[in-house]
Amino acid sequence: MPSTSLTRRTFLALSATLPWALKSVAASSSIPVGLELYSVREELKKDPEGTVRAVAQMGYQAVEFYAPYFEWTDAQAKQMRKLMDDLGIHCYSTHNDEDFFSGKNFDRARDLNLILGSKYVVQAWSDPKPDLEEWKSLAEKLNTIAEKLESSGLKVGYHNHDAEWRLVNGQRPMDIIAKNTKLSVMLQLDVGTCLEGGADPVAWIRANPGRIRSIHCKDWSRDPAKGYKVLFGEGIADWKGIFEAAENGGGVEYYLVEQEGSRFPELETARKCLQAFRATHGGR
């Protein structure tokens, strides 16, 4: 009968690794999941505070506001911040049009994000560009924004669409952006548009360690009749592989469910996606 006794050396070795193992499990389970509020855009138009409250009650731990927040007064932004504080949820980032980063708009975007408690001011999109030099110019602008935001404690991010993955003169624009931006610039990965653009989200995360600090968890189907209308987990995304890469080198700080529409009403869609997210991620 084999012995089950441990030598002192083996026991000490196992004891030393246990806290790290527990820390890894805790880190995985503590990564918050939020909702990109474009997912509930019609509800948000009708009742911003009621919608945020409903999202929090579902169990989402964060929200990401998109372009319409820029029209808020300071008073409206402060009231929304108070509501989030009362609900115990956060706004880690906002989505912004490209022109929010220029002229007087820059100061306004910065100030609103400070009120909301954001960490990242994310450029939500950029027009497709037929020349690689134009993509390099975009990267330089992101670096400039990063420098301008540094004194306020905010960071800039860039959110991909499918155009960034399609070859321009033999190169992917997303690679140009990653190569030519500071490490402090967050590369916010949109899984669905990455897949539509023909790229591999897992490979991208592994190729850019520490920079994928937030992920838009949006699925995608090759069936053109469904596309982005599938719920989380109903498309082709390898979510377990994505979570594994994101939490083991990718640098993810928070996840954001995003939905462009589905066969269900907006709030029900958000609830179903959160349930599916937890069922998939919870086993890690």
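Here, each number is a calculation from the coordinates, and none is a lab measurement. Worth saying up front: this structure is predicted, and the values here are computed from it rather than measured. When we count neighbours, we look across all protein chains shown, and the Cβ atoms used for this are built from the backbone with ideal geometry, even at glycine.
At-a-glance table
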{"quantity": "Answer residue from the stretch 151-164, given it is in a loop (DSSP other than H, G, I, E, B) and either under 18 Å from the mean Cα position of the chain (by Cα) or of a type in the set (Val, Ile, Thr) (or both) and is surrounded by the most Cβ atoms within 10 Å (Cβ to Cβ) among those", "calculated": "Asn160"}
{"quantity": "Residue within the stretch 260-269 that is surrounded by 17 or more Cβ atoms within 10 Å (Cβ to Cβ), in a helix (DSSP H, G or I) and among the hydroxyl-bearing types (Ser, Thr, Tyr) present", "calculated": "yes"}
{"quantity": "Leu195 being buried (at least 21 other Cβ atoms within 10 Å of the Cβ) and of a type in the set (A, V, I, L, M)", "calculated": "yes"}
{"quantity": "Test for Asp127: is it among the acidic types (Asp, Glu), without any contact (Cβ under 8 Å) to a residue 40 or more places away in the chain and under 20 Å from Glu71 (Cα atoms)", "calculated": "no"}
